[in-house]
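S.K.: Mind having a look at this structure? Questions to follow.
Every read-out reported here was derived from the displayed coordinates using simple, explicitly stated rules and does not represent laboratory data. These numbers come from a predicted model, not from an experiment. Backbone-built Cβ (ideal geometry, glycine too); neighbour counts: all protein chains shown.
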């Protein structure tokens, strides 16, 4: 009887594509570009045998510079130096693996043809970012002096106030408070952030529960006493996934959060959330050129209105 020899998928592909680095091969696998026997395999360490049919799709090269695209923008304010928009949920801020077009950068290059080169080629005008599924206020620099000033302001958090709305599972206890700790890469999952005791950055969130309602459930679901709460978050620092990690640390993760949330609890809701329910509500900032104190607000989006 013949014995089938198996080996790791990434090692097999290394032999088939000797010009590719291990990291590129791993990236192709995790992005879903590799199929084994017709099914996408997302783990580099998956075992394959000599009889398995392996298909590899090599995506086309990424353009060195993002191209302008006619994507509608919801503009809150604009002058010669800054552009303030209400970013919709689902819009990626800048080109990245898997999202080389259709981003906010492509949209603002169309809206502001002179933006190229301000702050760099890949991310022109971008001084801060929101997660793909987070909606709300974003400010873009339209001139190099504005870029320099805003970059410094966001890095030091000077003369900036950022307030968010979050719809969370449960009821935070206490209803209002301050969370301060270190946030860094999770020691168990490098794709996630976590509260850590060392090798992290100080993170401060002030939060206040503004309303609590019974959790809307699909017919047939029974969760006695289940509730969701609307929480205002005022962040004094700007760490990656800060609000998402801090709300989860209270036992009240953000509704629809695929990374830090409660997947079963999300699926029982009617309607089920289509994204993480986090919204950049207000941004107070000093104008980078005039020095004028300015305040911008993005209205609570439609999927928050029932809360």
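S.K.: Connecting C-alpha atoms closer than 10 Å in a GNM of the chain, tell me which of 251, 220, 117 has the biggest fluctuation.
M.R.: Looking only at 251, 220, 117, the biggest GNM fluctuation is shown by 220.
S.K.: Using Cα springs under 10 Å in a Gaussian network model of the chain, which residue among 162, 26, 116 shows the largest mean-square fluctuation?
M.R.: So, out of 162, 26, 116, the one fluctuating most is 26.
S.K.: Go ahead and run the numbers for FRET between residue 46 and residue 240, Cβ-Cβ distance against an R0 of 30 Å, rounding to 0.05.
M.R.: That pair, residue 46 with residue 240, gives E of 0.55.
S.K.: Given axes a ≥ b ≥ c from the Cα gyration tensor, I'd like to know whether segment 75-156 is rounded (a/c under 1.5), prolate (a/b larger than b/c) or oblate.
M.R.: The shape class here is rounded.
S.K.: Considering only DSSP beta bridges where both residues belong to the chain, give the percentage that are antiparallel (nearest 5).
M.R.: Given both bridge residues lie in the chain, the antiparallel proportion sits at roughly 95 percent.
S.K.: Roughly what would the spin-label model give for residue 181 and residue 74, points 7 Å off Cα along C-beta, in nm?
M.R.: 3.3
S.K.: At a Förster distance of 22 Å, what's the computed FRET efficiency of residue 232 paired with residue 295, Cβ-Cβ distance as r, to 0.05?
M.R.: Efficiency for this residue pair is about 0.90.
S.K.: How much length, in nm to one decimal, is gained on full extension between residue 67 and residue 154, taken as 0.36 nm per residue of separation minus their Cα-Cα distance?
M.R.: Taking 0.36 nm per residue and subtracting the Cα distance, the gain is 28.7 nm.
S.K.: Say each of residue 267 and residue 173 gets a label point 7 Å from the Cα, pointing the same way as Cα to Cβ; how far apart are those two points in nm?
M.R.: It works out to 2.8 nm between the two label points.
S.K.: Counting only C-alpha contacts under 8 Å and six or more residues apart, can you give the relative contact order of the chain as a whole percent?
M.R.: After rounding, I find 15 percent.
S.K.: How do 154, 57 rank when sorted from fewest to most other Cβ atoms within 10 Å of their own Cβ?
M.R.: In increasing order of surrounding Cβ atoms, one gets 57, 154.
S.K.: A further question follows. Round to a whole angstrom and tell me the spacing of the C-alpha centers of segment 243-307 and segment 29-108.
M.R.: 23
S.K.: Another question, then. Before rounding to the nearest 500, sum -39500 (n - 2.57) across all DSSP H runs of length at least 4 in the chain and divide by the residue total; then give [θ] at 222 nm in deg cm²/dmol.
M.R.: -4500 deg cm²/dmol
S.K.: Looking at (i) 0.97; (ii) 1.24; (iii) 1.02, which value of Rg/Rh (Cα atoms, Kirkwood Rh) comes from a calculation on the structure shown?
M.R.: Evaluating Rg/Rh (Cα atoms, Kirkwood Rh) on these atoms matches (iii).
S.K.: Which shape class, rounded, prolate or oblate, goes with segment 160-232 when its Cα gyration tensor gives a ≥ b ≥ c as root eigenvalues, a/c under 1.5 marks rounded, and past that a/b bigger than b/c marks prolate?
M.R.: Cα axes put segment 160-232 in the oblate bin.
S.K.: Quick one: among 137, 196, 127, which has the greatest mean-square fluctuation in a GNM of the chain with alpha-carbon springs under 10 angstrom?
M.R.: Among 137, 196, 127, the largest mean-square fluctuation in the Gaussian network model of the chain belongs to 196.
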